[in-house]
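Notes to accompany the following structure.
The values are calculated or read from the model by the stated rules, or taken from the named source; none is laboratory data. Not measured: the values here are computed from a predicted model. Neighbour counts are summed over all protein chains in view; Cβ atoms, including those assigned to glycine, are modelled from backbone coordinates with ideal geometry. Calculation scope for accessible area: heavy atoms of the full protein, side chains included, ligands and nucleic acids excluded. Shrake-Rupley method; radii C 1.70, N 1.55, O 1.52, S 1.80 Å.
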Amino acid sequence: MNTGLLLTRRLVQLLVGLFLYGIAIAMMVRAGIGVSPWDVLAQGLSLKTGLPFGLITNLVGLVVLLFWIPLRQRPGLGTILNVLLIGPAAQLGLGIIPQQTELWAQVLLFSGGLLLLAAATGLYIGPRMGPGPRDGLMTGLHGRTGWPIWGVRTGIEVTVLIVGWLLGGNVGVGTLAFALLIGPLCTLTLPFFEIRLPRDAAKDATERELEGTAEQSAEAGDRDAAPFDVRDGILLESDSASRMRADRFARGSVIREHQPDRVRGGDAPGDGEIVAPRRAAATIASYWLDDRLTGHFRRGGRPHRARA
């Protein structure tokens, strides 16, 4: 796909995803049977300050984003738009969706909101233009402290939930349902809406600016990228780590550069590398020999001589 068309598609998908995310939040709020921990906090702050829920959502996102500074995280375009757009979209949804009081309507509206939020999560993460501010906070804390990612996420969300509940936010069965179901649902939607980027995108300076970094800094572990990322509670291999892995594989040792189960064919870029049938035993033996030779010499050893 043309680079310009690909960028346009990514931007449109990102904007649609963020808008639908805000609408999904409004649906769950109007259902009145409980919301996610961060929305409980926004509700509580809205009740105490008198400010609109959507504005509080924006302000909370901005405060969380400020914590990225000491964690040495750099936001991408998607991160900034997340902070700016979800709040207004949620406020718009609250203005057009009536409050529900009948149990069947509450359950139906909450279920629809939860499903829409899972789809919206896949939509806004799929373009790979930067995670949300809360996701970067979790991965940043993990990188700086070394605490397990599940512990960081649980600690943050339990703290947020308790503070929001003390302020008057709505904690209910919907909060529990959100905690249990959002992970499995997003596991389905994330691959469905993922946009595959060209393999050389990792070397593009513009691409790095769009995506930002929500990874462990070099000082924390002397690495260019954290091996994983957490986005809306889903453990994923980070975009940079995925590209680095592909790059390392492409620049691999003897057998990886001349794979025994592939033959060259075609002169155009992208042609060639046509899979040819080879015996499995020969392929395995070639890789085994390559691993022994390259691995042994990397460790500074010498080849073994066969005994007479």
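Rounded to the nearest Hz, the phi-derived 3J(HN,Hα) couplings of segment 184-194 under the Karplus curve 6.51 cos²θ - 1.76 cosθ + 1.60 (θ = phi - 60°) are x, 5, 5, 4, 7, 7, 4, x, 5, 9, 5, where x marks glycine and proline. Out of every Cα-Cα pair in segment 19-153, what percent are more than 23 Å apart? Result: 36 percent of Cα pairs exceed 23 Å. With kT/(6 pi eta Rh) evaluated at 4 °C and eta = 1.567 mPa s, and Rh the Kirkwood radius from Cα pairs, segment 137-180 diffuses with a coefficient of 112 µm²/s according to Stokes-Einstein. A crude spin-label estimate for the pair residue 145 and residue 2, with each label 7 Å from Cα along the Cβ direction, gives 4.9 nm.
A crude spin-label estimate for the pair residue 63 and residue 115, with each label 7 Å from Cα along the Cβ direction, gives 3.5 nm. Given a 1.4 Å probe and the protein chains as shown, residue 180 ends up with an accessible area of around 120 Å². What's the carbon and sulfur percent of segment 3-123's accessible surface, probe 1.4 angstrom, rounded to a whole number? That fraction is 76 percent. Potential lengthening of the chain between residue 166 and residue 102 amounts to 20.4 nm, from the contour at 0.36 nm per residue minus the alpha-carbon distance. With just the Cα atoms defining each centre, how far is segment 123-144 from segment 172-197? Give it in Å. First find each Cα centre; the distance between them is then 15 Å. What residue among 55, 75, 88 has its Cα farthest toward the positive end of the dipole of segment 1-110, where the charges are +1 on Lys, Arg and -1 on Asp, Glu, each on the Cβ? The listed residue farthest towards the positive side: 75.
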